[in-house]
Amino acid sequence: MRKDVFELKVNLLASASVVGKKESAGPLGPLFDLRDEDDRFGKKTWESAESEMQRIAFNTLLAKSEKKENEIDALFAGDLQNQCVGSAYGLMDFNIPYFGLYGACSTCAEGILLASMAIASGCRYACSVTSSHNCVAERQYRSPLEYGAQRAPTAQWTVTGAGAFLLGKEERGAARISRGCAGRVIEMGVRDLANMGAAMAPAALDTLLRFFSATGERPEVYDCIVTGDLGFEGGAILQDLARAEGIPLGKRYTDCGQLIYDRETQDVHAGGSGCGCSAVVLSAYLLPKLSSGKWRRILFLSTGAMMSPDSIKQGRAIPAIAHLIELEAIPE
């Protein structure tokens, strides 16, 4: 019988977050490690800016953890650019074995899950890095910002941000990754590029149901169940779907795309999205809740819409995925 849930017992030792101007102005702004006021990070193009953002995030992680690059056995990284070139260019100067990932907005949890498996199988230290940049994503998937295209109410705002995470077996750190559940590709016929939350919510539900079925856990045992990139539209759909399955998520549920911006004062429509959304919120907001002892256990799911520019042009429906990691406070 297939094993849906992996027992990991790996510690998330340190993390780092880097964001742009809009994210700095949001409610979590003071919590991020580094902020850039023009989203360019000293580069001439948006694509180069995203690579630089990843480089800075990883360098910051090494500095915070007091680790050198020759101590890292594996580096898992991804972004939203074609062929994940944002990660390849941003991290190519580090002399570390590199695994390029594409999980769309699910890449944060995917990278952490794979890095955890690497640690569980014998690596000393492994890292996960991911990013997204609003201007890059808009140009690739929709239209350049200069066109001034009108956005639908269900559209989300791609986060400009990068998160980096260090994992190992040491009995310290921000949190313990106790279990993980890899997502399955789910496609429910949604073709609206401006409503990715609707495309991704069924994938989040599928992963949650499989996790609860395999473990016997219930939502009420967790301090927080947080998805990565559903925003307000997709988050509401997920809650309706979960309620229909007899597992109401209630007030313990939230979404990184709902947390990172102030919907009343920032024009983000249905909230945040992008690889960097769940990565920077996990690093700056969720992990400190566990390391401080305010929370004991959370479920963290990054959700991704796995379309490409060509698949959208061809009228294909949007497949989605959601990867899950269970995080616990490290016992004193």
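Of all residues in the stretch 226-251 being farther than 27 Å from residue 132 by Cβ and in contact with a helix residue (DSSP H, G or I) (Cβ under 8 Å, 6 or more places away or on another chain), which is surrounded by the most Cβ atoms within 10 Å (Cβ to Cβ)? By that ranking, first place goes to 247.
Residues that are more than 20 Å from residue 117 (Cα to Cα), at pLDDT 95 or above and among the aliphatic types (A, V, I, L, M) were ranked within the stretch 62-84; the one that is surrounded by the most Cβ atoms within 10 Å (Cβ to Cβ) is 62. The residue pairs whose first member lies in the stretch 83-94 and is under 16 Å from residue 137 (Cβ atoms), whose second member is of a type in the set (Asp, Glu) and surrounded by 18 or more Cβ atoms within 10 Å (Cβ to Cβ), and whose beta carbons are closer than 6 Å, counting only pairs six or more residues apart or on different chains, are 86/50; 86/79; 87/79. Among the conditions (1) touching a Leu at 6+ places or on another chain (Cβ under 9 Å); (2) assigned to a helix (DSSP H, G or I); (3) at pLDDT 95 or above, the only one that residue 312 does not satisfy is (3). Condition first: closer than 22 Å to residue 86 by Cβ and crowded, with 24+ Cβ neighbours inside 10 Å. Now tell me which residues in the stretch 285-317 satisfy that. Those that are closer than 22 Å to residue 86 by Cβ and crowded, with 24+ Cβ neighbours inside 10 Å: 302, 303, 304, 305. Does any residue in the stretch 205-222 that is more than 17 Å from residue 302 (Cα to Cα) and not assigned by TED's automatic domain parsing to the domain that holds residue 248 come within less than 8 Å, Cβ to Cβ, of a residue that is at pLDDT below 95 and of a type in the set (Asp, Glu) six or more places away or on a different chain, and which pairs are these? Filtered contacts from the stretch 205-222: no entries. Of the residues making up the stretch 217-255, those that are among the small types (Gly, Ala, Ser) and under 20 Å from the mean Cα position of the chain (by Cα) are 228, 231, 234, 235, 236. Looking at 58, 6, just one residue is in contact with a helix residue (DSSP H, G or I) (Cβ under 9 Å, 6 or more places away or on another chain), not in a helix (DSSP H, G or I) and not assigned by TED's automatic domain parsing to the domain that holds residue 210, and that residue is 6.
The values are calculated or read from the model by the stated rules, or taken from the named source; none is laboratory data. Model, not experiment: these values are computed from the prediction. Because the Cβ atoms are built from the backbone with ideal geometry, glycine has one as well, and the counts that use them run over all protein chains shown.
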